């Protein structure tokens, strides 16, 4: 029996809901300061070109322009893992949309006018738009200086003289022997285009580069400390000089991890002598200038025994980074060590490459490579099962990981690692899976013009993070016994501050309405947190909050022990009181301790109550460069989606009748928040599955940088029924046993649809997205023709 | 964006006066769902004046008179889809209006704007042409009335002069023996411009034979028109799947004869036929 909690697991409404729906929550776009200037970028019209000449004199001469900068003015190298980027393009542009100049002016209108007056002379170069072509050792080099770029050497391995900025390897068992043993070998290729995160709030920042190089940054970002760290690194500033404030954020989905517009806006402020400068990306810039999700082309080769056991798996992943490495190298690394999915392989070999191309660069995106990876992997597993004539459910059950199994990086799974089988079982059961549809049945159903199909797909993901990833927080008790939590992991729409408040309520037994989680995070005020990414906030940040509560309780116990002349271990905490265990008449209300306890005679002891909590993952290791062996993962979250679709066989349009989503979350902290994450994730996964993609012309110009041409699902496209299912196999390290589950609902939605369409129509789709005409075309190629029967 | 003059008026006479002064340098603003977006385009041609006619009360409303429905141009898509008159006498127009954009766009966007902007994907136009609508334009020089089907030259190009204001759309009420349908194919279920659409009206005589047929595809032909070749196949016939399928194929053939073959033809060629068949099926329900 699991422990009964008063607050944990309950569907507590979000504590930020009222401010957000009334418009009172303040975002960067809402903010302004005295003397503030407005910035505008000039972006490259070419995908690959030399900048022969650039002239800002007409822009500078325009009334109201305070500064105009070009790449020539900014000799700084920036980058997250691979320092390969400049703040504005220098010498050449590497993607259509890359900023080449920027202006700060009294009004946005003047800034917009000024950038149009900047004259740039380009010499067009041939763009590399195909990842396989760019991967070729003889291809033109997008970054000829790759060999001299500084980078994180423990994790990333560039190949100078090529366009390959990272190569991750996993080697386990004997892959050749595995394929020799196999009865059947299946090899197929899969493909994913780039897509946009589409946060409701675009990227934006206000920066004031003040006197004495004291810099203040207000930014729409996920990770204030990482912005500060990378900013200091770029400009060689000491961390105490830079203050990063993150107000309310309208979504990020990974696109606001790391650092983006802040250095440019900082330089514009510095150029104006320290006036605050504001830059808010337009939606077009969000598509075209700020990063997207990387593209992926990959091959999966599987060796199978007739009884359904997998004996060998070889994966080759070509990640199209776009023009700069940013997060792509780490997406490559994480998807590399996860590439097998939650299956056991006696022999596995994975090569995951990051390849520069002349397209919009890629970054972190909810799922961190796994949405793309699992599209092919889970389509592939269905294909393998059918090749063997085994039910795809049974085939998966034969090969899924269980405690005691060794993963491709050599990690031995434990009882607390989670239960993928329960997830698949629950999801498949929910849609009533009863085996594959026969061709005969299919032909029969075709006569009605509508055919239904069922499919499922499993998933897993661990946080991709440095080995020393940590969280910390401070809980301050106020005069009336209420508390304030300062934590710099951000709630950028993920909703995690609500369960943090629940944790304090649970640990301290304080009512929720006396707990405030400070939304606007501030590196000057709040203690360190690495980044709000990788579904790690709830399990790891939650542990820091528990530890801070324990620290607070320890301090309260020490004072109460003096008052009652007993041991600090003699107390319980209940109803906002610290109470003596064996003598409940002895108690003190929290508010009487908050700023120091005062005896009747006026003597005071203790002092203001502040609880400090830190949590760091321990035991993680770097991965071996040649074999990928090591321990990369804090925890794995397993899951499965199961879907029933109905296809209109004459138009290829399809409707998702039901999607069941089972995740082993370890422990539900807030049922409503988690359900929201699942529904949101499914819809986002659906978007990349059915309609979203970047389309370039043959010169590398992005053709669809708007909502008109790059569509995302609307309320009317939501599946008719969504059923979230939570499996709770507690994880030893996570808060209350919880695992991260923020990204996971998005992963494997696409292959579950693909597999359901396969079941319905017998068609094999290998490219995302799946549009009506793709289904129609695949059906036509299969030569199954619908003959309408009656009016 | 360049500055422009904003002129608002409450009278049609004043509106035509302003237009005769500015001619092609003025742009008429009704709901703004097209104009305001176009103004923000990177290389938008910014007019010298924006003439806001949205406050002219006499240009708003849906009424009936002498067997005609009178649709004033400022009627929004929301007004149309909620109108009892439309539901009773021009059902296909209500269906089309209900599928335009999203609620916000339907609340602002007007039927007059849809007609005057003349975008290929304008969803109210195929039903109005099927309904045999006429429009009345007024300028300083007077009024003129023409068939809506004759009004369009090509996408975004009409026979309206730069000083014309659209003041009325009229069409005969559909008789009780008529049924109508509108089907649209978009890339998603809302906020989606039509990739293809079909407006259809069928009338049957007492014997159940088709006495009148009107088929107007949308986003399929260079300009809107009734596909007479397909309509004629239906006259005097009894509704049947075979007949409707053949009519659909005929529309598809006509489409190809105008547009030629492009990358999307492989898909659109059979699908327009399917949509026509389904629209006709929708006209013989009960």
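Where both partners of a DSSP beta bridge lie in segment A:470-616, what percent of those bridges are antiparallel, to the nearest 5?
Antiparallel bridges: around 90 percent, rounded to the nearest 5.
Quick one: if the Förster radius is 25 Å, what FRET efficiency do residue B:21 and residue B:41 give, using the C-beta to C-beta distance and rounding to 0.05?
Taking R0 as 25 Å, the efficiency between residue B:21 and residue B:41 is 0.45.
Taking only C-alpha pairs under 8 Å that are 6+ residues apart, what is the relative contact order of segment B:58-172 in percent?
27
Calculate the FRET efficiency for residue A:513 and residue A:598 from the Cβ-Cβ distance with a Förster distance of 30 Å, rounded to the nearest 0.05.
The computed FRET efficiency comes out at 0.70.
If the elastic network links every pair of Cα atoms under 10 Å, which of B:242, B:82, B:147 fluctuates the most in the Gaussian network model of chain B?
Greatest mean-square fluctuation among the candidates belongs to B:242.
Mean-square fluctuation check for chain B, GNM, Cα pairs under 10 Å: which of B:76, B:136, B:265 is largest?
Looking only at B:76, B:136, B:265, the largest GNM fluctuation is found for B:265.
From the helices alone, meaning DSSP H stretches of at least four residues, give me the mean residue ellipticity at 222 nm for the protein assembly as shown, per-run term -39500 (n - 2.57), in deg cm²/dmol to the nearest 500.
-8000 deg cm²/dmol
Roughly what % antiparallel, to the nearest 5, for the DSSP beta bridges in chain A?
Percent antiparallel among DSSP bridges in chain A is about 80.
Between residue A:520 and residue B:229, what is the label-to-label distance in nm when each label sits 7 Å out along the Cα-to-Cβ direction?
Spacing of the two 7 Å Cα→Cβ label points: 6.8 nm.
Would you mind getting me the FRET efficiency between residue A:697 and residue B:4? Use the beta-carbon distance for r and R0 = 30 Å, nearest 0.05.
0.35
Going highest first, how would you order A:522-530, A:759-767 by mean Cβ packing within 10 Å?
Answer by packing, highest mean first, reads A:759-767, A:522-530.
Counting only other chains, what is the mean number of Cβ atoms within 10 angstrom of the Cβ of each residue in peptide B:188-198?
Mean shielding count: 4.
Taking square-rooted eigenvalues a ≥ b ≥ c of the alpha carbon gyration tensor, is segment B:5-52 rounded, prolate or oblate, where a/c under 1.5 means rounded and, failing that, a/b exceeding b/c means prolate?
Oblate, since a/c reaches 1.5 and b/c is not below a/b.
Taking 0.36 nm per residue of sequence separation and subtracting the Cα-Cα distance, how much length would be gained by fully extending the chain between residue A:31 and residue A:214, in nm to one decimal?
Once the chain is fully extended between residue A:31 and residue A:214, it gains 63.9 nm.
So how far apart, in nm, are the two label points at residue A:236 and residue A:732 if each is 7 Å from Cα heading toward Cβ?
Computed distance between label sites residue A:236 and residue A:732 equals 4.7 nm.
Classify chain A as rounded, prolate or oblate from the Cα gyration tensor: take a ≥ b ≥ c as the square roots of its eigenvalues, call it rounded if a/c is under 1.5, otherwise prolate when a/b beats b/c and oblate if not.
Judged from the Cα gyration tensor, chain A comes out oblate (a/c at least 1.5, b/c at or above a/b).
Which distance in nm do the two modelled labels at residue A:564 and residue A:708 give, with both placed 7 Å along the Cα-to-Cβ direction?
7.2
Could you sort A:71-82, A:697-708 so that the peptide with the highest average Cβ count within 10 Å comes first and the rest follow in order?
A:71-82, A:697-708
Could you tell me what percent of the DSSP beta bridges with both partners in segment A:154-260 are antiparallel, to the nearest 5?
Restricted to segment A:154-260, the bridges split so that about 55 percent are antiparallel.
Highest GNM mean-square fluctuation, chain B, Cα pairs closer than 10 Å: which of B:196, B:36, B:221?
With Cα springs under 10 Å in chain B, the top fluctuation among B:196, B:36, B:221 is at B:36.
For the peptides A:139-148, A:475-484, A:654-663, A:356-365, what is the packing order when you average, over each peptide's residues, the other Cβ atoms within 10 Å and list the highest mean first?
The densest-packed peptide leads the list: A:356-365, A:654-663, A:475-484, A:139-148.
Every number here is computed from the coordinates shown, using simple stated rules; none is lab data. Since we're looking at a predicted model, the values are computed, not measured. Ideal geometry is used to build each Cβ from the backbone, glycine not excepted, and the neighbour counts take in all protein chains shown.
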